[in-house]
Structure formats: structure tokens, C-alpha cells
Amino acid sequence: MSLEMVSAVSNSSLLQPGFSLLNFDGHVFFFGQKGWPKRSCPTGVFLLDIKQNELKMKPAAFSKDSCYLPPLRYPALCTLRSNAKSDEYQYIIHGGKTPNNDLSDKIYFISLVSKNSKKMTVRCIEKDLGGDVPEARYGHTINVVHSRGKSMSVIFGGRSYTPLAQRTTEKWNSVVDCLPSVFLVDFEFGCCTSYMLPELQDGLSFHVSIARDDTIYILGGHSLQNNSRCPNLYKLKVDLPLGSPAVTCTILPGGISVSSAIVTQISDTEFVLVGGYHSDNQKRLVCNTVVLQDSKIEVVERESPEWTPDIKHCRIWFGCDMGKGSVLLGIPGANKQLISDANYFYILRCKGEEENKEEELTTQICSQTSSEDPGDSTPFEDSEEFCFSAEASTFDIDDTDTYNEDDEEDESETGYWITCCASCNVDINSWVPFYSTELNKPAMILCSSGTGHWVHAQCMDLSETMLLRLSEANVKYFCNKHVDLNKGLQTPPKVVHLKKQPMKPLRKKKTLKLATSTKKSFLRRLFE
């Protein structure tokens, strides 16, 4: 086992707790950033590029038929193949937390549709389910089993918020273990079935699950109810006959007490388990080899790498499987670097360079990195533990499309994330789409007062119908602050009309009488 350091060159602030890794044919994609995506990468999916031990991030595009995918943290993720030996696969993403801490119960399918030196395009499709649909959760696992020529997904464990009926003011946002139910998901027919097994008594989260053929092995995990990390080792076997599926559970000896562990595959039957925690304030520096052979599992201790002093003395660490027997580990570097979000990263290689050239193995691995604070009894503190994933391969891709956080416009002051009014509540870290026309930016409308300024439609209490009407009609709009002033400008001031003095009738009579007398005197003179 070898350990080498890697430096994050660009946009390391997006690498926050709970993001996921998607590996398509050696191309590794980052998903689940902190906060909502910006216009530099509206999909929220990045290609991770490592060259000369430097990590860069490049925005990826979605295909036109893709659905909206929010940046979910701590979801369950695994690969789905048409059969156990198929080379083509796609990723399944279930659950997770949105940037405003809402939990998701949706399932998405992610696949790579095109790739070239300039642009990577992926497709995201949402799958509708019926039956015993698993509740919204995070910190759980999902695997795919193959039996009798059929395939199904298995969802287990995780945490969710306390039910509304049981919440109190002091513990309104507290989390609890999900019930220890096993969910079978048939994606062909879109139905779910739950099973309660007597061997599974306590809920688990941030455990490790390894699937092979029709069997899933569950190791370790943390139970909030008991605040314990019991040496669990369960064997779930799924039989898929023509009729109803059969699920059985067996408790096996030889488990280990660990949570937030990382597992990577080094051969067809061998896996390496590294990292995690023994307890809330004790890291687990021991490594283990997990061997699956002849429907049996064996967990043995193996030689650990020469950990650096920084890794040994740090309070927390984090990481994720990179594939092909490599693991990327990180430790917070806030105390040693000027940038508070900066971290130190290391690549742990569990097999030789020649073995790294082997084909991608098909056995599935699904592990969760929790954010339990080793120095605090309160679990799930987002600021305390991180999860990072990357691919150590050198990608032959042009650097011109590299995402650079320094090039990102400061949207906290300009653009869509301004404070449009005194009552504005639109925040880049907590905003969620309000109108059906919104995707990753809030809808805005121009106020025509003065030189004009932009305001959020949601802050102006505009209905979606009114917003569409204003966007289609060629009319001026005035925000709530200037609408009264505009009315005052549009209403003409009252004009005081001057009263016209009528002509005096006496003056008219005198003129008439004078004309009559003059005429009579003229006629008299004429006839004389």
C-alpha cells in the first residue's frame, strides 16, 4: 500500500460533506456540491481531472431529455447492469439531502451519453415508484442483486427526520434511525416491497454493503438509538423465482465495529476496508481485507500504510473509493492554510501499478461516509466531516474548460442572488425552485422605476399566472416599493378651471338701441 499527496487546484470549496462519485469508463464525475448550482455549471455535475497530482474540475452538460437533478448529499448510490457480466451500466441515486436540508425520496438514473475532449454529456432520468416506497432518508445504501436471470435493487438503513407528530420545539430538526426494513425495488415494473426480518432489530446508518450475485453483506454502521457501533455482519440473500421474492437474513460472526468506512475492490474476490471511526472520538487507522469466496465472507486485518503525522494527529478524516483499488483520503487544513475550505488530500493505492491496468471489476460496492463528529456526541454536523471522491487516472482532456472558482461572478451581490428589497428572503444556499419555470436560478422581473432594477418575482408575491402574463405582454412593471409612486405619476394633477365672466346683457341692449336709433334718423333724413 502506497500513500501520495494530491493538491486541489480549482474550486475546492464545492467539495463538502456528502457528495458522490460517478465513474464512467475511467471518467469520474463529481455530484452533490454544497449549495445550489451556479450558472457556470447549472447541472451541478463536474468532471474530475487529475494531472500531475493536481485536481481540477470541469463542468459537465445534461442531455436535452434529462430531468432536473438537485445537488443531493449523502444519497445511496450503486451501478445497475442488465446482467452481472454486462459491460454497460448506469448509476442509481436514491435519497439524500438538498441544500436546504430537505430529504429526498426520489430515484434517479444517471448514464453517460457522449464524451469528447471538450464536452461530457450525461443523461438523468427520474423513476416513478409505487407500492411500499421507502421514506425520504440519507446515510443508507442501495445495491443490485441478480438471481435466476432477474435483477432487483435492495435499499437498507439510513436516517430521517423525526415524524411531524413526534416533534417538539427543542428537537424540531432532530434525526432518527429509519426502521430496519429491507426494500426490494423492481425497476422493470416500478414497484417496491418492504420486508421486516427478525434478525434486524436496530436501524443502521453509514454502514458498508457489498453485493455479489444474489447476496449482500452488511458490515458495521452506527445506531442512533443506542449510540453504538456494534460489530455487525449480516448476510442478506435474495431469491427471485417466478413468484414472490424470498429474502432471508443471517447473522454471521467475525464482524467489525466501525462506521463511515471506505471499501475498494482489488480483485474479483478481495476488497480492502480503510478509514472510519471506532467511536465518536477515535479514528480507525487499521485496514482490513474482505474476502468473498464460495458464498462465504472472511474479514482479516492487513498491513496498514505508513500514515503521515498530519493524518495520525488530525481529529477527523474523510474520503471515498476511487475504483481499481485506490482510495482518496483527506484531512481538514483550516488551521494550516489561509483558505478556510482548503484541505489536504492523499491517494492510497492498495495494489500495484500492474494490477491497476486490469479491467474494471463488476462486483458492486456501496459505502457511506458519515459526518459524525468524533469530538462531539451530536451526530451529523455538516461542518465536521467531509467526503471526497476522485479518479487517479490521467485524463487526456483540454484544460480550456477547467472550472475556476475565481472566474465565477460573485452572485451574492450581483446577478440572481441580490437583495432585491427589504423583505427579500432569497439566499443562494437555501433557495429552492418556487415556480415551475425555475431550474437553478430564481425568476426575476424588471421594475421600470427610474433607470430600472431587478427584483425577485417570489419576493413580489407574484402568482405564476401573473408572472407568465407579464413576461409575454409588452407592459411596464413596478415593484411593491415603487408601485404607489408610479400611480402618483400616472394620475394627472387636478386643474382649477377659471370661471369665465359672461357678457353683460345691458351692454348688448344699449348697443342694439343705439343701432336702431341711428338707423331711424338716417331714414328720416333720406325721405325729407
Worksheet entry | Percent RCO, i.e. relative contact order, over the stretch 2-265, from Cα pairs under 8 Å lying at least 6 residues apart | 11 percent
Practice prompt. Taking only protein heavy atoms into account and a 1.4 Å probe, give the accessible area per residue of the stretch 58-188 in Å².
Written response: 44 Å²
Response to the item:
Share of Cα-Cα pairs in the stretch 2-265 beyond 29 Å, whole percent, is 35 percent
Worksheet item: Cα-Cα over 20 Å: which of Lys56/Lys115; Lys237/Lys296; Lys235/Lys296; Lys296/Lys351; Lys34/Lys56; Lys38/Lys127?
Response: Lys296/Lys351; Lys38/Lys127
Worksheet item: Can you list the residues, at least 5 places off or on another chain, whose amide H is less than 5 Å from the amide H of Met444, using H built in the peptide plane?
Response: Ala457
Item to complete: For the stretch 466-471, just list the computed ³J(HN,Hα) in residue order, Karplus coefficients 6.51, -1.76 and 1.60, θ = phi - 60°, integers in Hz, with x standing in for Gly and Pro.
Response: 5, 4, 5, 5, 5, 6
Response to the item:
For the table Lys58/Lys441; Lys171/Lys312; Lys64/Lys441, the rows whose alpha-carbon distance is greater than 25 Å are Lys171/Lys312
Response to the item:
Rounded to two decimals, the Debye log10 I(q)/I(0) of the stretch 235-348 (Cα scatterers, no solvent) at q = 0.12, 0.13, 0.15, 0.16 Å⁻¹ is -0.55, -0.62, -0.77, -0.84
Discussion item. Given a 1.4 angstrom probe, I'd like the percentage of the accessible area of the stretch 2-265 that is carbon and sulfur, rounded to a whole number.
Written reply: 50 percent
Worksheet item: What is the dipole size for the stretch 124-247, taken about its Cα centre, with +1 at each Lys and Arg Cβ and -1 at each Asp and Glu Cβ, in debye to the nearest 20?
Response: 300 debye
Worksheet item: Listed highest first by mean packing, meaning other Cβ atoms within 10 Å per residue, what order do 29-40, 186-197, 135-146 come in?
Response: 135-146, 29-40, 186-197
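The values are calculated or read from the model by the stated rules, or taken from the named source; none is laboratory data. Source: prediction; values computed, not measured. Using ideal geometry, Cβ is built from the backbone for each residue, glycine included, and neighbour counts are taken over all protein chains shown. Only protein heavy atoms, including side chains, enter the accessible area calculation; ligands, DNA and RNA are left aside. Shrake-Rupley method; radii C 1.70, N 1.55, O 1.52, S 1.80 Å.
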